[in-house]
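The values are calculated or read from the model by the stated rules, or taken from the named source; none is laboratory data. This one's a predicted model, so the numbers in the text were calculated from it and none came from an experiment. Cβ placement follows ideal geometry from the backbone for every residue including glycine, while neighbour counts extend to all protein chains displayed. These accessible areas exclude ligands, DNA and RNA; they are computed on the full protein's heavy atoms, side chains included. Shrake-Rupley method; radii C 1.70, N 1.55, O 1.52, S 1.80 Å.
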Amino acid sequence: MSDTHEHAAGDSVPELKQRIRELTGMLNACRLRLPNAPTEAVRELAESEERFALAVRGTNDGIWDWDIRSGKVFFSPPWKSMIGYEDDELENVFATFETQLHPEDHDRVMATLNDYLAGSIPRYAVEFRFRHKDGSWRWILARGRALRDEQGAPYRMAGSHTDVTERKHDEEELRKARQAAESANSANSAKSAFLANMSHEIRTPMNGVIGMSELLLGTGLNETQREYLEMLKLSADSLLELLNDILDFSKIEAGRMELDAHEFDLSEVVTEISQAMGIRAFQKRLVFLHHIAPEVPVRLIGDDGRLRQILVNLIGNAIKFTHKGGVTIEVSLESETADRVTLHFKINDTGIGIASEMRESIFEAFTQAEHSTSRRYGGTGLGLAICHDLVALMQGRIWVESQPGEGSTFHFTAAFGRTSGISIKPKSPRFKPVVTAHSSMKVLIVEDGHVSQIVGARMLEKRGHVVTLASNGREAIDRCAKETFDAILMDVHMPGINGYEATARIRQSEKATGKHVPIIAMTANAMKGDRERCIAAGMDDYIAKPLRSDALFQVVEQFAKRSALPESAPPPPAPAPPALRTQIETPPFDLAEFRESTGDEKLMRKLVAIFSEDAQKYLRKAEKALTAGKARPLYEAAHSLKGMLGVYAAGKALKLSNELCEYAHAEDLKGAQLMLDQLKKECAILGDALLAAFGPGT
Ligand code: ADP
């Protein structure tokens with residue numbers, strides 16, 4: 001070394017210069033290389049930073065980077081703007097992170113973070129509310145990852161914050177909607193259950209009230225008693241009507257209203273309704289007319305029950321809101337195709353009319369044209385809403401034309417199927433007050449309620465059927481084992497063996513005999529599904545309580561013929577109805593039926609003896625009323641005649657007396673006179689025939 005030094009020191013200048021040049025060259029080379037290396041690294045770093053910045057800027061998410069050891073945190077500008085701050089604000093935002101958390105979320109968020117840092121959960125992802133600068137709460141989704149040292153201790157954690165306020169809001173809306181739907185659903189089913197119960201509870205006592213008043217009306221009453229009783233019956237009927245309206249409306253609301261289509265006769269429907277409603281019109285001294293255009297086909301397929309309901313509602317309103325003048329019903333043909341007809345019904349009145357601003361809304365539920373309406377006229381405002389929905393089910397529409405003070409015309413259209421050659425099972429004919437239209441049946445009534453027993457039994461007995469009573473399922477089964485019945489009316493709800501079970505046991509025992517006794521369920525439940533349940537339990541039909549005589553006869557008597565035939569027998573050839581039926585129109589009365597309805601030869605003779613005197617009394621009353629031009633007493637006399645003629649099963653006379661009632665309703669005194677003349681003749685013939693059958697002097 002020293003040698004070198006010495007050497008160097010002793011070297012020549014040119015040599016030294018050479019060395020310096022060499023060193024400078026090396027230095028330069030180094031210099032050249034040196035700045036190159038850091039530039040590369042810086043550039044890469046810059047690029048990566050730029051990418052990061054781009055990513056940070058390009059996302060709406062807020063990025064944070066937390067140096068756990070120093071506690072320093074980097075927050076990207078979007079992070080700050082997410083909660084309403086400028087980039088240069090909030091230097092130490094992390095210090096306030098905890099305090100900005102929603103108090104309800106605070107503990108959960110901190111626990112999640114600690115669990116993650118402690119390694120007890122694999123991922124850090126948590127949603128929470130964070131306070132915005134403006135004081136509102138933003139929903140934030142935080143996600144992050146930690147870097148850990150060899151011991152697993154976290155020293156750095158970075159992640160993102162996403163503003164999910166809108167999604168949360170949507171979710172909340174959805175949750176609320178779902179909750180609302182769920183509670184509406186459970187409210188709906190609670191409502192249905194309530195209605196089913198209520199309907200049962202109300203119908204059972206109503207059965208007694210209506211049935212008993214119907215029976216009482218058929219007994220000898222003085223004028224005042226009759227009047228009171230009619231009022232009682234009217235109230236009971238309207239209570240039941242209201243109950244039905246509420247049930248219907250809730251069915252429609254729940255989307256469970258369905259039409260029950262079958263073949264029916266339109267003219268029968270219109271005539272029957274006019275008869276029934278005519279009484280009210282008559283009492284208000286209103287002209288009441290109906291007309292079906294000749295081109296309207298009368299055999300139709302549709303739900304005549306619901307059509308009746310619409311008509312009864314509209315005609316009922318028309319009569320209710322009219323004080324002078326009258327009500328007319330017109331049916332015309334709107335359009336037709338090969339298999340469908342659309343009819344146009346028009347119910348016109350000369351009543352109080354409806355103000356123009358109310359004409360649309362009266363078809364909404366619970367709407368009445370005036371607030372004073374319900375006080376003055378009663379009603380619930382449900383009728384037209386139900387009509388509106390029923391008409392829609394019949395593919396029609398309903399509307400009203402009206403002039404306040406002059407009257408209203410309600411129109412509706414409805415589509416029906418046409419009858420064709422294809423056989424469609426017609427609904428059993430509706431009850432017509434011609435007593436001879438049925439033969440006597442043996443009916444077992446199974447019913448635990450005493451009042452219902454009496455009502456059912458008396459109605460059927462008055463109609464000439466023979467009734468046996470059983471108070472419970474056990475008795476019914478025993479009775480059936482010993483006797484044969486043409487039909488059984490079975491109460492569904494009975495203590496001990498209920499109607500379903502009794503039916504099942506009767507059906508079981510029938511397997512051995514091959515017989516099938518028609519069983520008709522009687523229940524005060526009027527909810528949908530009851531009928532299906534009864535049929536499924538092996539019953540043949542169903543009738544709702546309270547029992548109404550026409551419905552009762554209809555449902556029972558549909559089995560009159562069938563029960564006389566062996567179960568497996570083919571339907572009888574067309575021209576071979578039972579002998580009874582072929583002869584019914586000819587004789588003035590039906591002896592067999594008269595006998596069956598009285599059930600007692602002695603009583604029968606007594607009835608024959610008093611016939612002429614009784615009939616004369618009423619005929620004279622009618623004549624007197626007619627001469628005086630008084631429709632009301634005429635109606636009363638005709639009504640009394642009708643009642644007594646029924647006992648004698650006097651088909652033709654009964655029909656005539658019924659028509660006399662109608663003319664009296666309509667105050668058509670000319671028509672009534674013609675009818676009365678015929679009725680007098682028929683009563684004379686009847687009196688002779690009765691005497692001939694039982695011999696004079698009985
Ligand atoms: P309500 O049970 O009250 O009669 P509706 O739905 O049948 O219920 O009728 C609603 C309202 O429409 C009635 O309260 C009445 O104000 C009006 N209205 C209906 N029909 C007529 C009519 N023929 N004449 C006048 N107003 C009527």
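Worth pointing out:
- Binned Cα-Cα distances of segment 610-663, short to long, each 10 Å bin given as a whole percent: 28, 57, 14, 0
- By the Kirkwood approach, averaging reciprocal distances over each pair of separate Cα atoms, segment 152-295 gets a hydrodynamic radius of 21.8 Å.
- Gyration tensor verdict on segment 452-492 (Cα atoms; rounded if a/c is under 1.5, prolate if a/b is larger than b/c, oblate otherwise): oblate
- Inverse mean reciprocal Cα-Cα distance (Kirkwood Rh) of segment 310-365, Å: 13.1
- Cα gyration tensor category, rounded, prolate or oblate, for segment 229-295 with a/c compared to 1.5: oblate
- When peptides 335-347, 640-652, 315-327 are sorted by average Cβ neighbour count within 10 Å, with the highest value leading, the order is 640-652, 315-327, 335-347.
- Annotation: peptides 122-133, 144-155, 261-272, ranked by per-residue average of other Cβ atoms within 10 Å with the highest first, follow the order 261-272, 122-133, 144-155.
- Cα-based radius of gyration for segment 441-546, normalised by 2.2 N^0.38 Å, reads 0.98.
- In straight-distance terms, cross-link reach from K606 covers every one of the aspartates and glutamates whose alpha-carbon lies under 18 Å from its own, apart from those fewer than eight places away in the same chain; here that gives D590, E593, E596, D614, D688.
- Equivalent ellipsoid semi-axes, segment 224-263, via Cα gyration tensor eigenvalues times 5, rooted, Å: 32, 14, 3
- Accessible surface, segment 122-245, averaged per residue in Å² (probe 1.4 Å): 61
- Using distinct alpha-carbon pairs, which all enter the 1/r mean, Kirkwood radius of segment 589-698 in Å: 13.9
- By accessible area, using a 1.4 Å probe on protein heavy atoms only, segment 217-354 has 55% of its surface on carbon and sulfur.
- Cross-linked pairs K630/K681; K545/K617; K284/K681; K621/K652; K233/K462; K346/K621: Cα-Cα separations exceed 26 Å for K545/K617; K284/K681; K346/K621.
- Within the straight-line cut-off of under 20 Å between alpha carbons, the aspartates and glutamates reachable from K133 are D61, E86, D87, D88, E89, E91, E98, E104, D105, D163, E166, sequence neighbours fewer than 8 places apart in one chain being disregarded.
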